[in-house]
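Written out below as structure tokens is the structure these notes cover.
Nothing in this text is a laboratory measurement; each read-out follows from the coordinates by a stated rule. It should be emphasised that the depicted structure is a prediction, and the values quoted were computed from it without experimental measurement. Virtual Cβ from ideal backbone geometry, glycine too; neighbours counted across all protein chains shown.
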Ligand code: SF4
């Protein structure tokens, strides 16, 4: 059979599949289909947009315009996309965003966008990925899930290919690594290490804890990484889990056994994602610093420093626990490395729109964020978003978007105050003027400016006031600071 995987990209609390990341869904499905002897092509929503909206001609931009990031992530199949689609017998659409964000060089496809683009095609159509789950999908924070008719699909099933257990995954993941041969650009491979959450009853907004808490065996993870290395991938994020520190019940020996062999393959990037502050300890932090590459971040799902909100939403960490974890990571990972960034720092996620949110919530958030600054602790990022009340969550059942509606008009002010008073000051401490940041990759233009990032977990955006050749590595000297990015010049 001729299958085509159409990647509209995915972003979930545990698992990123938006370029420059290649997610697990396309890799696993590719592996499954190849192992059954099918012909499998991989295309992206960018390929389809270029074909349908631009007659397959890459649009030229003037020096005043921004790069066209809707058609930035083309595959090797882009040039022959008509032929690929004509031959397709089964089209597998992977789609779904559960943690909406802004992406420097990609725009995830939505159901609303993709349905009209593919409805005329006569092949069998399968919708899978997070959008096919009963939770739905939404690209913008603070809104209810997309209410799009999915009747054009023959099947809507998040687990259509039956690769949900680690036993299934391990059978197909190494073969799935071959998918990157159809991709033109550098990709960071998101690697899955665990599913579910250790909490019996999870945070009000979250869907992850409803999945069983299981760990993937080290040898199977290593086999997949080896297969990816053999196809030329050298950048990895151990990001598909809800808390890295909880791997195999947080046993230090097990985490060493996971990290050491990957580190021995000398990857350009080995980072982690997602950590529950309540599980952070010195031993595991030391292992992460020893075996991972610099610029690494533990993103803490703090969500709120307001005790009332913590209780009402059954959040996983109290403000005191979070502060303790921030101190541990700063102590062990807070040394600057040769690539310009610290080895390993914490990040904090703040969520607006939770149950019980009042003006006092913002006061509490500011109090603790100022305390972090006052105690000279570093945070590598503060991620602020508005919650999406997904079906099946207790937030959806109990309050829906009540607090989002109630406090909506305050969010800009709250966010701006955090950006002005905390982020800006923090950024100046993280990368002071004249810091040299190495191996920064030029991604997009905005007028006469170029925006660059290192590859890795939540990399900092660097703006250069000139149009550099894109998709090249540069070393940059920091010359100034914006609220969430830095300005630099090439050295
Ligand atoms: S700690 Fe909360 S947010 Fe994190 S996975 Fe568990 S339930 Fe979800």
Practice problem: Any chance you could run the full-extension gain for residue 102 through residue 54? It's 0.36 nm times the residue separation minus the Cα-Cα distance, nm to one decimal. | Solution: 14.9 nm
Self-check item: Span from the the stretch 439-491 Cα centroid across to the the stretch 385-426 one, whole angstrom
Solution: 29 Å
Self-check item: R0 of 51 Å, Cβ-Cβ distance residue 61-residue 265: FRET efficiency to nearest 0.05
Solution: 0.85
Self-check item: Ordering of 460-469, 313-322 by burial proxy (mean other Cβ atoms within 10 Å per residue, highest first)
Solution: 313-322, 460-469
Quiz prompt | Globularity ratio of the chain, using Cα Rg and 2.2 N^0.38 Å | solution = 0.94
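From the square roots a ≥ b ≥ c of the eigenvalues of the alpha-carbon gyration tensor of the stretch 436-490, which class results: rounded (a/c under 1.5), prolate (a/b over b/c), or oblate?
Because its axes are fairly even, with a/c under 1.5, the stretch 436-490 counts as rounded.
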Quiz item: Name the residues of the stretch 61-105 whose amide N is less than 19 Å from a point 7 angstrom out from the Cα of residue 2 along the C-beta direction?
Solution: 75-93
Quiz item: Does anything in the stretch 238-256 have its amide N under 15 Å from the 7 Å Cα→Cβ label point of residue 201, and if so which residues?
Solution: none
Quiz item: Got a sec? How would 99, 361 order by Cβ neighbour count within 10 Å, fewest to most?
Solution: 99, 361
Practice problem: With label points built 7 Å along Cα→Cβ from the Cα atoms of residue 374 and residue 286, find their separation and express it in nm. | Solution: 3.2 nm
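Can you sort 366, 1 by how many other beta carbons sit within 10 Å, fewest first?
Ascending number of Cβ neighbours within 10 Å: 1, 366.
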Quiz item: Okay, helix-only estimate at 222 nm for the chain: each DSSP H run of n ≥ 4 adds -39500 (n - 2.57), divide by all residues, round to 500 deg cm²/dmol; what do you get?
Solution: -9000 deg cm²/dmol
Exercise. Determine by what factor the alpha-carbon radius of gyration of the stretch 268-368 differs from 2.2 N^0.38 Å, reporting the quotient.
Key: 1.16
Quiz item: Where in the stretch 75-112 does the amide nitrogen come within less than 20 Å of the point 7 Å from the Cα of residue 38, taken along Cα to Cβ?
Solution: 75-78, 81-96
Quiz item: What share of the DSSP beta bridges in the chain is antiparallel, in percent to the nearest 5?
Solution: 35 percent
Quiz prompt | Potential lengthening between residue 406 and residue 82 on full extension [0.36 nm per residue; Cα-Cα distance subtracted] | solution = 111.8 nm
Quiz item: Ranked highest first by average number of other Cβ atoms within 10 Å, how do 428-436, 67-75 line up?
Solution: 67-75, 428-436
Self-check item: For the stretch 186-430, share of DSSP beta bridges that run antiparallel, in % to the nearest 5
Solution: 15 percent
Quiz item: residue 461 versus residue 231, label points 7 Å from Cα toward the beta carbon: distance in nm?
Solution: 2.9 nm
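Find the percent of Cα-Cα distances in the stretch 186-430 that exceed 33 Å, and round it to a whole number. Walk me through the numbers on the way to the answer.
Details: 6065 of 29890 pairs.
Tail of P(r) above 33 Å: 20 percent of Cα pairs.
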Quiz item: When only Cα pairs under 8 Å and 6 or more residues apart are kept, what is the percent relative contact order across the chain?
Solution: 13 percent
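Once you sort the root eigenvalues of the Cα gyration tensor of the stretch 194-286 as a ≥ b ≥ c, which label holds: rounded (a/c under 1.5), prolate (a/b larger than b/c) or oblate (the other case)?
prolate
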Quiz prompt | Residue order, fewest to most beta carbons within 10 Å, for 98, 370, 481 | solution = 370, 481, 98
Exercise. Could you order peptides 42-49, 470-477 by the average number of other Cβ atoms within 10 Å of their residues, highest first?
Key: 42-49, 470-477
Practice problem: Classify the stretch 1-120 as rounded, prolate or oblate from the Cα gyration tensor: take a ≥ b ≥ c as the square roots of its eigenvalues, call it rounded if a/c is under 1.5, otherwise prolate when a/b beats b/c and oblate if not. | Solution: oblate
